[in-house]
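Student: For reference, the structure I am asking about is given below.
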Amino acid sequence: MSHNTFGHLFRVTTWGESHGPAIGCVVDGAPPLLPLTEADIQHYLDRRKPGQSRFTTQRKEPDEVRILSGVFEGQTTGTPIQLMIENVDQRSKDYSEIAEKFRPGHADYTYMAKYGIRDYRGGGRSSARETASRVAAGAIARKILGDSVTVRGALVRIGQHEINADNWDWNQVDLNPFWSPDADAAALWEDYLDGLRKAGSSAGAVIEVRASGVPAGLGAPVYGKLDADLAAAMMSINAVKGVEIGTGFAAAALTGEENADEMRSGDGDTPDFTSNNAGGVLGGISSGQEIVLRFAVKPTSSILTPRQTVTRGGEETEIVTKGRHDPCVGIRAVPVGEAMMACVLADHLLRHRAQNA
């Protein structure tokens, strides 16, 4: 299996399967002398790990990270950093009944079609378990970005229920199990997901990720566009089916006058923008405004409702996916989206410095 690496100067390779002994990543390109400890990484892994509320999978993984290389006396050495997270709560027997069946909405059939073999225990590499490695890598990316750049995300929609943007409060995000910036929406989602969970069903979600303090000039025209790399990074997350930057698809309903982010004189060489429909990226290059993107996560495909499918031999049958699954996988996608944003920005920052020293 190829294509397990992303990035150019800041390169991340993830490895491992959902029900294997461990998962992890190798981060190459981190500059030397960055302060880095396992505790720095663990903080972000703790935000993503499963089993923290009844609205996520009840698989109990401590997600304790170990740094195996690339750090000496609390500082990066400039060599590859290998991180490992052991899997301790696998229940492979939960998947024995689907070994010969393809789960609708999953990668079972396409993996078999491509490789002629698939790891049916939790989906193997196609499992959302893989995203823990990305979150670990994102912690290193944040070190490169420094304290002047802030990356944070929030859940803005579950199913048909959206937040009220007028209620947006970043302080609320860590006070509820949904990463919601709207306390009223969080209360509504609680009842909504309780009903879906008890029915054995699931719901999709939309996550918004923002990065403030990003300097102007990151990205490159045509084939190295910052927004293109951000979109690709988000689309690489399991279950993501759509990405938009700034106003996104809503821009198609605007006039040129409404959509243009007008500029006025600002401090120094940086103009003041009267709006941010572009989401902080113009011509593939950061404008110095806040970078804003949203991505849509489909409903969890593992549900208790019987679904029609076929076996490896082509026989028609039904399937019920047992095991421990998220009624809304989008909840735990918030820290994953943050990590991917950080990784892309760190990569572009290093590329910018290399060309414009």
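The values are calculated or read from the model by the stated rules, or taken from the named source; none is laboratory data. Owing to the predicted nature of the structure, the values given are computational and were not obtained by experimental measurement. Neighbour counts run over all protein chains shown; Cβ positions are idealised from the backbone, glycine included. Protein only, heavy atoms only, side chains kept; ligands, DNA and RNA dropped before computing areas. Shrake-Rupley method; radii C 1.70, N 1.55, O 1.52, S 1.80 Å.
Student: 222 nm [θ] for the chain, helices only, -39500 (n - 2.57) per DSSP H run of 4+, per residue, to 500?
Tutor: Helix-only estimate at 222 nm: -7500 deg cm²/dmol.
Student: Once you have all Cα-Cα distances for the stretch 190-238, histogram them in 10 Å bins from zero and send the whole-percent values.
Tutor: Final binned percentages: 17, 32, 24, 15, 11.
Student: For the chain, what is the accessible area per residue in Å², given a 1.4 Å probe and the full set of protein chains?
Tutor: Value for the chain: 48 Å² per residue.
Student: Counting only protein heavy atoms, what percent of the accessible surface of the chain is carbon or sulfur at a 1.4 Å probe?
Tutor: Here it works out to 50 percent.
Student: Return the inverse of the average 1/r over all pairs of distinct C-alpha atoms in the chain, which is the Kirkwood hydrodynamic radius, in Å to one decimal.
Tutor: Taking every pair of different Cα atoms in the chain, averaging 1/r and inverting gives 21.5 Å.
Student: Using packing as a proxy for protection, rank 327-338, 135-146 so that the peptide with the highest average count of other Cβ atoms within 10 Å comes first.
Tutor: Top to bottom by mean Cβ count within 10 Å: 327-338, 135-146.
Student: Share of Cα-Cα pairs in the stretch 106-152 beyond 13 Å, in percent? All intermediate terms of the calculation are to be shown ahead of the outcome.
Tutor: Values: 700 of 1081 pairs.
Distances greater than 13 Å cover 65 percent of the Cα pairs.
Student: Moving to a separate point now. Among Thr14, Thr5, what's the order by accessible area (1.4 angstrom probe), most exposed first?
Tutor: Largest accessible area first, the residues go Thr5, Thr14.
Student: Give me P(r) over the stretch 231-339, computed from all C-alpha to C-alpha distances, binned every 5 Å, as integer percentages.
Tutor: Pair shares across the bins are 2, 10, 14, 14, 13, 11, 10, 7, 6, 5, 3, 2, 1, 0.
Student: Here is a follow-up. Name the GluC sites (Glu not before Pro) in the stretch 237-328 that are in a loop by DSSP and that have at most 11 other C-beta atoms within 10 Å, would you?
Tutor: Working: sites: Glu244, Glu257, Glu258, Glu262, Glu290, Glu315, Glu316, Glu318; in loops: Glu262, Glu290, Glu315.
Listed in order of number, the matching sites are Glu262, Glu315.
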